[in-house]
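Written below as structure tokens is the structure these notes are about.
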Amino acid sequence: MTESSGESARLWVAPELPGVDLLRARYVRRVFIPHTHPTFVIAGITEGVEVFRHRGSLERAGAGGLALINPDVPHTGRAGVPEGWAYGALYPAADVVDAVAAEVIGLRGSAWFAEPVVHDPVAVRLVGQVLAAVEERQALAADSLLRIAVARLLRTAGGARPQHVVRDAGARLAARAREELLARMTDPPTLDELARALDTGPFALLRAFRTRYGMPPHAWLTDARVRRARELLDVGVRPAEAAVAVGFTDQSHLHRHFHRSVGVTPGAYQRARRVRQPSHGRARTYKNDLGPTA
């Protein structure tokens, strides 16, 4: 748990819900930079208003509403009213949501939320009940309520993931730039160097990359570094070592960007990943994929 100036956040995992991250938070001045998650985000607002940019639009989710973010979709986050906002959130892996979708709506393939904001106080209460059941170590209740919540939202706001076919030259250019940035994460080229390596102009590359990935190359690289740092923290790498391994200058550099993307500090995040061992076996290891798929 992190707390400062009326703000608090707890991001954790539990063996009761494999494949799902959990969050309780209250933010007032927190501003989230453009970032992505490898999982779905189901955030039920209980107080105040959250404002976030999503696919070019500014969205507002107030009390009784949910912010629904699909995997690898860039978004931001900030308070929409002076008192900030409070919420509980579930971060289920894609295969968790896909399994529910296959059973309740007969979907074969990848699930997707069509709307970034829905007003559904019942679903908000279900999210809170999932978190409470996990905190009380009620595995059956937590698993059941999670599936009920996801099923409800899939029926009202879900469907099949839109097919994305990379055909134009701009999309191919962006994908090549992404691969180059991944290969040189700790020593990235300048925009001009990257453009020259790809035989294009800097502004053409900027336009193509933003169109394909929803943010410019430098913002995407920061997000990719944070996601890679999460992987390293998950397996026990110390924050200072993780910072250098992903290309940040030092631990404070990682701390700043990590906090603005994840909402908690790297140390708090790592401590929360040390889940207790379930009685039937070894707790799972939580890892994240890196970056949006090309």
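General remarks:
- Index of the failed condition, residue 130 passing every other in (1) modelled with pLDDT under 95; (2) under 27 Å from residue 50 (Cα atoms); (3) crowded, with 16+ Cβ neighbours inside 10 Å; (4) not small (Gly, Ala, Ser): (1)
- Looking at 134, 117, 127, just one residue is of a type outside the set (Asp, Glu) and free of Cβ contacts under 8 Å to residues at least 60 places away in the same chain, and that residue is 117.
- Number of the exception - residue 77 against (1) over 16 Å from residue 214 (Cα atoms); (2) open to solvent by less than 10 Å² (accessible area, probe 1.4 Å): (1)
- Selected residue [outside any helix (DSSP H, G or I) and within 24 Å of residue 38 (Cβ to Cβ)] from 107, 145, 131: 107
- Set side by side, the residues 47, 83 differ, and just one is closer than 18 Å to residue 126 by Cα, open to solvent by 10 Å² or more (accessible area, probe 1.4 Å) and in contact (Cβ under 8 Å) with a residue 12 or more places away in the chain, which is 47.
- Test: residue in the stretch 60-72 that is in contact with an Asp or Glu (Cβ under 6 Å, 6 or more places away or on another chain), farther than 20 Å from residue 115 by Cβ and part of a loop (DSSP other than H, G, I, E, B): no
- A Cβ distance below 9 Å, combined with a sequence gap of six or more or placement on separate chains, defines the contacts here; from the stretch 152-171, residues that are at pLDDT 90 or above reach residues that are of a type in the set (Phe, Trp, Tyr) and part of a helix (DSSP H, G or I) in the pairs 170/209.
- Residue match in the stretch 1-20 (condition: crowded, with 21+ Cβ neighbours inside 10 Å and acidic (Asp, Glu)): yes
- Within the set 167, 178, 212, the sole residue that is open to solvent by 30 Å² or more (accessible area, probe 1.4 Å), within 22 Å of residue 36 (Cα to Cα) and among the charged types (D, E, K, R) turns out to be 212.
The values are calculated or read from the model by the stated rules, or taken from the named source; none is laboratory data. Keep in mind that this is a model prediction, so the values were computed, not measured. As a convention, Cβ positions derive from the backbone with ideal geometry for all residues, glycine included, and neighbour counts pool all protein chains shown. Just so you know, the surface numbers come from the protein's heavy atoms only, side chains and all, with ligands and any DNA or RNA stripped out. Shrake-Rupley method; radii C 1.70, N 1.55, O 1.52, S 1.80 Å.
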